[in-house]
Amino acid sequence: MKFRFGNIAAVFYEIRGEKPPKQLDLIDTWFPGLIIAADPSDGGTKKPAEYADREYMIRAVRYHGSLYAGGSPRVTQIAGRLIGTAGANQEKERKSAELVQKHVAECFVKDMTLTPRLKENVLRQIESLSGDQELKLFERLLELVWELADEREAAGDYEKKTEAFAMDDETFDGTIYNAAYQLNLAKRSGLCNAYLWLLTGSLLRNETGRVLRLYDSSFIAIRRQLSETGSLTDKLNYLFHPEEYYETFAGDEEDLKNRFPDVEWYCDACGAHLNEQEGFDDHSPEWKCQNCGFANKLAYSEIYDNDEDRQNKTRPADPHKFEDATERRRQELNQGLQEDCGRM
């Protein structure tokens, strides 16, 4: 399955046993009022839809409950480009669609009320499903992130760069990983967030990178993009099957004097860096922050791989894996010391 907005949205309607709406209605269902400016009157004149260049919006009237395109070739091409059904050979319409994508990404950046509204909208759509249908949507999206990851990995560099709807690796990986992370939480809120990431990424394509830099996987504004390494497949494997991986760290001999080597501690109340505070000792069961006075617990249960895991209270450090990593590093350092002595 290609990573196209039309394909991602179609999953929802397949589960409901319905045909997806036509182009304009499909876009407006999931991104209401953001791309389509609908005339509130209904059942009136069949006025053809128009693209307003300066507004980066498609203006359309409703006719008997549905948005009316009126056979406008330009609007059809722009909407088709956004959905993923139109080719890229119509240069003017292609450029217009890209301007729409940039405009929507700009709305994500400037309007902090946008993501809550979009999440509420996705939630309303999901609440229209039965319990069994909601479970099927979860299962299908879970399959989908793996399918898309495998499809991307199998694609050659030339194929990725020359496809009609090109998307760079970093943006693609970030979008799919954020969706997978939310699905792994196994909550309805996570399902909503995951689907919104897939819908947003497939609609905005490379412009999604601006959204990724601003929001974490639950669409909460952040100051920086979480640093990730490795291939997307490796990230997904670690997310869903952490038991198959062992912990490592590259600290030196001085690190091993600490109870929790290679761990940076921050105050849960004010965010101050505890390691830098005078007299800090991680052998203590807790440390009173010298900045605000909050007593921070120092334990394995408080160690997470990244800020998002900490915020969601998911996947704290495994004490056994942590200790194994420490012991392996000790052995590596001792072996290196012995080899150095042997060469003297």
Worksheet item: Tell me, what HN-Hα J-couplings in whole Hz come from the Karplus equation 6.51 cos²θ - 1.76 cosθ + 1.60 at θ = phi - 60° for each residue of the stretch 205-212, using x for Gly and Pro?
Response: 6, 4, 5, 4, x, 5, 6, 4
Practice prompt. Please work out the C-alpha center-to-center distance from the stretch 255-299 to the stretch 72-108 and express it in whole Å.
Written response: 51
Worksheet entry | Listed residues Ala149, Ala166, Ala60, most fluctuating in the chain (Gaussian network, C-alpha, under 10 Å) | Ala166
Fill in: Potential extension, Asp39-Ser284 segment - 0.36 nm per residue separation minus Cα distance
81.7 nm
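Rounded to the nearest 500, what is the 222 nm mean residue ellipticity of the chain from helices alone, with -39500 (n - 2.57) per DSSP H run of 4+ residues and division by all residues?
Per the formula, -16500 deg cm²/dmol.
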Fill in: Local electrostatic count at Glu120 - Lys and Arg +1, Asp and Glu -1, tallied over other residues with Cβ under 15 Å
+2
Fill in: Where the chain is the region considered: accessible area per residue in Å², 1.4 Å probe
53
Worksheet entry | Debye intensity ratio in log₁₀ form over the Cα atoms of the stretch 66-162, taken at each q of 0.14, 0.15, 0.21 Å⁻¹ | -0.93, -1.05, -1.16
Worksheet entry | Read-out Cα extents along the principal axes in Å, derived from the coordinates shown; its label in (i) 100, 55, 31; (ii) 87, 47, 42; (iii) 64, 48, 35 | (ii)
Response to the item:
For Arg140 and Lys19, extending 7 Å from Cα along the Cα-Cβ vector and measuring point to point gives, in nm, a value of 1.7
Practice prompt. Extending each Cα 7 Å along its Cβ direction at His320 and Gln335, get the distance between those two points in nm, one decimal.
Written response: 2.3
Practice prompt. Write out the GluC sites (Glu not before Pro) in the stretch 54-96 meeting two conditions: DSSP loop, and at most 12 other Cβ atoms within 10 Å of their Cβ.
Written response: Glu55
Discussion item. Tell me the carbon and sulfur percent of the accessible area for the chain, rounded to whole percent, probe radius 1.4 Å.
Written reply: 48
Fill in: Overall form of the stretch 97-217 per C-alpha gyration tensor (a/c, 1.5; a/b vs b/c)
oblate
Item to complete: Please build a GNM for the chain, connecting alpha carbons under 10 Å apart, and tell me which residue among Lys102, Lys313, Lys288 fluctuates the most.
Response: Lys288
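Efficiency by 1/(1 + (r/R0)^6): what FRET value for Lys257 and Ala186, r their Cβ-Cβ distance, R0 = 41 Å, to the nearest 0.05?
Between Lys257 and Ala186 the formula returns 0.55.
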Worksheet item: Can you give the relative contact order of the chain as a percent, counting alpha carbon pairs under 8 Å and 6+ residues apart?
Response: 12
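The values are calculated or read from the model by the stated rules, or taken from the named source; none is laboratory data. Given the structure is predicted, the values throughout are model-derived calculations rather than measurements. So basically every Cβ, Gly included, is an ideal-geometry build from the backbone, and we count neighbours across all protein chains shown. When the accessible area is computed, the model is the full protein with side chains, heavy atoms only, and any ligands, DNA or RNA have been set aside. Shrake-Rupley method; radii C 1.70, N 1.55, O 1.52, S 1.80 Å.
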